[in-house]
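Contents: one structure, followed by commentary.
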There are 2 protein chains.
Amino acid sequence: MRAAVDLFDEQGYDATTVSQIAERAGGLTKMTFFRHFPDKREVLFAAGQEEHSRLLADAIAAAPAPATPLEVVGAGLDALTATFTDDRRAFAARLRAVIAANGELRERAVFKRAGLVSATAEALEKRGLPEPTASLAAELGVGAFYRAFDRWADPAGRQTLTELTREALGQLRAAAVTLG
Amino acid sequence: MRAAVDLFDEQGYDATTVSQIAERAGGLTKMTFFRHFPDKREVLFAAGQEEHSRLLADAIAAAPAPATPLEVVGAGLDALTATFTDDRRAFAARLRAVIAANGELRERAVFKRAGLVSATAEALEKRGLPEPTASLAAELGVGAFYRAFDRWADPAGRQTLTELTREALGQLRAAAVTLG
């Protein structure tokens, strides 16, 4: 993925070919690339999506039984955000800029976000949370993560992604109450 | 759009060319098609997105001042769903099936949903609703619309899309309260 971000950064997403990414990533062939990724865009997302969904779902399954829905979601988010150590901040900022600069990548990013909401909602349903509460709690949690990520990816930032995500979830929770 | 749904239905999305859609839509050229739509997928979404966003935003702007955020969203949804008269139900079911059968179309549909949330949130912010309440209320409203649409597009259904959407919004509102 780093090789692809470097290339998209240097010469733009449209001008970068799959062969160039494969070459830069250690001399893979185009054929090998397409065994791992269905299309060029996916190189930025595939690994992250699977790992993020798994981290969230595992921690949600492991959260203590008496926790409220948003406490359960918070446990999932803590597990997810703990993997975003501060040495990843600079790369996250570059990744975010590359995605923001291209419509196809923005579209794929939105699709991945929806996938993360679904995975979270499914993990909550497995704990017995009914619909539409499970989906709504999942939407709040993933929404908090993305809001926090945008702030965290700012190189001038000081707070950890975990702190920022907890803050954002608290704000969304408060907003949910006012809608009642 | 109807010509495209017919073709996707008959022979599949992948096997359908832009030239075939243009031809079926009254003898347009491929070049004319691409003046209206940036890509093949967009033929199913372009008209709807613009119209739906406008209907929602106009009704949100016109809602009475003392209304609560979700009453304002509800006014927007009433205006939007009023345009889905029951003679559109059968076509909606076909459109939904065509989109569900193809990954590229599902991805574009998710992107359009996100666009509708943004347009709704923006209309709410123009009324002075702060973030993240505006985005959350928009998410609830658009979520209600999509949940209701899925039920409405069932040919065996009896309720109007307006009734189903009001019901879904009420359920999401109740769920939001339990998360507080």
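Taken together, the values in this text are just the output of simple stated rules run on the coordinates, not laboratory data. Quantities reported herein were computed from a predicted structural model and do not represent experimental measurements. Reconstructed Cβ throughout: ideal geometry from the backbone, glycine too, with neighbour counts over all protein chains shown.
Would you mind checking the tilt of helix B:46-62 against the longest principal axis of the Cα atoms of chain B, expressed as 0 to 90 degrees and rounded to 10?
20
Between B:Val177 and B:Phe91, how many nm apart are label points set 7 Å from Cα along the C-beta direction?
3.9
Which angle between 0 and 90 degrees, to the nearest 10, do you get for helix A:69-81 versus the longest principal axis of chain A when only C-alpha atoms count?
Result, in degrees: 30.
Is the shape of segment A:1-98 best called rounded, prolate or oblate, per the rule: a/c under 1.5 gives rounded, else a/b larger than b/c gives prolate, else oblate, with a ≥ b ≥ c the square roots of the Cα gyration tensor eigenvalues? Write down the numbers at each step before the final one.
Values: a/c = 3.48, a/b = 2.21, b/c = 1.57.
Verdict is prolate for segment A:1-98.
Full-extension gain between A:Ala100 and A:Phe34, please, as 0.36 nm times their residue separation minus the C-alpha to C-alpha distance. Can you show the working numbers first?
On the way: separation 66, 0.36 × 66 = 23.76 nm, distance 2.40 nm.
Gain on stretching A:Ala100 to A:Phe34: 21.4 nm.
Expressed as a rounded percentage, what relative contact order does chain B have, with Cα pairs under 8 Å and six or more residues apart?
Relative contact order comes out at 21 percent.
Please work out the Cα convex hull volume for the protein assembly as shown and give it in Å³ per residue. Present the calculation step by step, with values, prior to reporting the outcome.
Details: hull volume 57.3 nm³, N = 360.
Hull volume normalised by residue count: 159 Å³.
Find how much the distance from B:Arg127 to B:Glu167 grows on full extension, using 0.36 nm per residue of separation minus their present alpha carbon separation; answer in nm with one decimal. Display every interim value, and only then the final one.
Working: separation 40, 0.36 × 40 = 14.40 nm, distance 2.46 nm.
Using 0.36 nm per residue and subtracting the Cα-Cα distance, I get 11.9 nm.
Could you pull out the pairs from A:Lys112/B:Lys30; A:Lys40/B:Lys40; A:Lys112/B:Lys40; A:Lys112/B:Lys112; A:Lys40/B:Lys112 whose alpha carbons sit more than 23 Å apart here?
Numbers: A:Lys112/B:Lys30 31 Å; A:Lys40/B:Lys40 18 Å; A:Lys112/B:Lys40 21 Å; A:Lys112/B:Lys112 14 Å; A:Lys40/B:Lys112 21 Å.
Violating the 23 Å Cα-Cα cut-off are A:Lys112/B:Lys30.
So how far, in whole Å, is the C-alpha centre of segment A:1-45 from the one of segment B:80-105?
36
Can you return the aspartates and glutamates within cross-link range of A:Lys126? Criterion is Cα-Cα under 18 Å, with same-chain partners fewer than 8 residues away left out.
A:Asp58, A:Glu71, A:Glu139
Per-residue ellipticity at 222 nm for chain A, helices alone: DSSP H runs ≥ 4 residues times -39500 (n - 2.57), over residue total, nearest 500 deg cm²/dmol? Please report the intermediate quantities before stating the final value.
Working: 9 runs with 128 residues, N = 180.
Per the formula, -23000 deg cm²/dmol.
With labels modelled as points extended 7 Å from the Cα through the Cβ direction, what inter-label distance (nm, one decimal) is found for A:Asp58 paired with A:Asp150?
3.0
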